[in-house]
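Only one structure is covered here, and it is reproduced in the block below.
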């Protein structure tokens, strides 16, 4: 506490040096935060999108267990031969959707086919739900390790047959074995998360 010449009390304010130090600290913290923010948001998207796909797989499996009928584009209620999840990593962001498999002649293959011309194609596959994946999301790898490298590189179908709901795993053309691993990443982070799906119906994120 200090007193002026007239005996009045006055308080000393911040010096210029102290203000500069405070500003430097604030700027430094802000720079660190801004540098880390893209990686943080990217990591958050990896977590969010991997969980979204895992929930979609569980939803398709539960629909198969319930033998749930699906309304077609012709406004008919039909029970699909399979409920499945289709993933294509080649698009940006990757494509992921839940589908009902209505294959011509009743021989369901568990693979998603692009929608036909409704109402003429009464056996076209129906999209039940599109799974929104954020911009910046990437799927660097889709692996089906039981059949060796290179299989399921770009596309995978995980289809559940009512009522047992065991998983049938296939690529564009054929069945590929007993498991699949879908790896999620983001353009702004090195963090990755993988979803592993087993033909027995089990799945987990690692």
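Scan segment 179-187 and tell me whether some residue there is touching a helix residue (DSSP H, G or I) at 6+ places or on another chain (Cβ under 9 Å), closer than 24 Å to residue 48 by Cβ, assigned to a loop (DSSP other than H, G, I, E, B) and in contact (Cβ under 8 Å) with a residue 40 or more places away in the chain. Within segment 179-187, one or more residues are touching a helix residue (DSSP H, G or I) at 6+ places or on another chain (Cβ under 9 Å), closer than 24 Å to residue 48 by Cβ, assigned to a loop (DSSP other than H, G, I, E, B) and in contact (Cβ under 8 Å) with a residue 40 or more places away in the chain. Could you go through segment 124-136 and let me know if any residue there is more than 30 Å from residue 77 (Cβ to Cβ), at pLDDT 90 or above and assigned to a strand (DSSP E or B). No, because not a single residue in segment 124-136 is more than 30 Å from residue 77 (Cβ to Cβ), at pLDDT 90 or above and assigned to a strand (DSSP E or B).
The values are calculated or read from the model by the stated rules, or taken from the named source; none is laboratory data. Model, not experiment: these values are computed from the prediction. Cβ: placed from backbone, ideal geometry, glycine included. Neighbour counts: every protein chain shown.
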